[in-house]
Structure formats: C-alpha cells, structure tokens
Amino acid sequence: MTQFKDLDPLLHSQLRLAIISLLMGVEEAEFTYLQTQTGATAGNLSIQITKLKEAEYINVEKKFRNNYPLTLCSITPLGRQKFAEYVKALRNYLNPDQK
C-alpha cells in the first residue's frame, strides 16, 4: 500500500504556493510584480509574504526607489527545499504507484 506524505500546510495555501512558484524562477521579485501575477490584494499578499518570511522560506528586503517604498522578495535555500519536497509529495498523490 502506498503511504502518502503530508503536504506542507504552509505551501498548500493557493496564494503562498503561487508566491513560492514565482520566486523559484527569478533571483528576486518586487511586491508589485507578485501582486500583478497573483491577482491578490495588497493586504492579503502582505500577510502571506509575512508568513513565508517567518517560516524562513523567503527573504524580504524593504528599501526605497525614487522616494517610494520598494519591497523585494527572494526564495531561501530552505524555501527551495520545501518547494521541492512539496512537489515530490504532490506527484506521489497524482501517481501513487510510481516510485
């Protein structure tokens, strides 16, 4: 019988998974880029970014560009590892008989 691994509850959220997925393909991303790509409200995106930052899945850098606030997000090595584990576990759910 196939044993299913628990899916990471932090990544199982649709918006947090979208954030991590976007960050996997770039060195860093601006908050506005993540907001545009996910369609999330600024408030909801900010909350989810904070959760990922607190779990050390992403780094968040706040600075200014032309006197405007700029928030940059990047994925950490732990975030990459957790994403890979999540994808592997999900693949096991989709193809339980393959090893």
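The values are calculated or read from the model by the stated rules, or taken from the named source; none is laboratory data. In this text, all values refer to a predicted model and were calculated from it rather than measured experimentally. Cβ sites come from the backbone with ideal geometry, for glycine too, and all protein chains shown count toward neighbours.
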(message) Can you list residue pairs whose Cβ atoms sit under 6 Å apart, with the first residue in segment 1-20 being surrounded by fewer than 18 Cβ atoms within 10 Å (Cβ to Cβ) and the second being among the small types (Gly, Ala, Ser) and at pLDDT below 95? Count only pairs 6 or more apart in sequence or on different chains.
(response) Lys5/Ala89; Leu7/Ala89
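When you scan segment 24-31, do you find a residue that is at positive phi, modelled with pLDDT of 95 or more and of a type in the set (D, E, K, R), even just one? Steps first, answer last, please.
Let us first name the residues in segment 24-31 that are at positive phi, namely none.
The answer is no; no qualifying residue exists.
In the list Ala55, Ala29, which residue meets the criterion of being among the small types (Gly, Ala, Ser), within 27 Å of Lys5 (Cα to Cα), in contact (Cβ under 8 Å) with a residue 24 or more places away in the chain and surrounded by 15 or more Cβ atoms within 10 Å (Cβ to Cβ)? Before the answer, list the steps.
Working: Ala29 fails: within 27 Å of Lys5 (Cα to Cα).
Unique residue meeting the criteria: Ala55.
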(request) Select from segment 46-99 the residues that are part of a helix (DSSP H, G or I), at pLDDT 95 or above and among the charged types (D, E, K, R) and write down the one among them that is farthest from Ala29 (Cα to Cα). (result) Glu85
(message) Which condition from (1) part of a helix (DSSP H, G or I); (2) more than 10 Å from the chain's Cα centre (by Cα) is the one that Val26 breaks?
(response) (1)
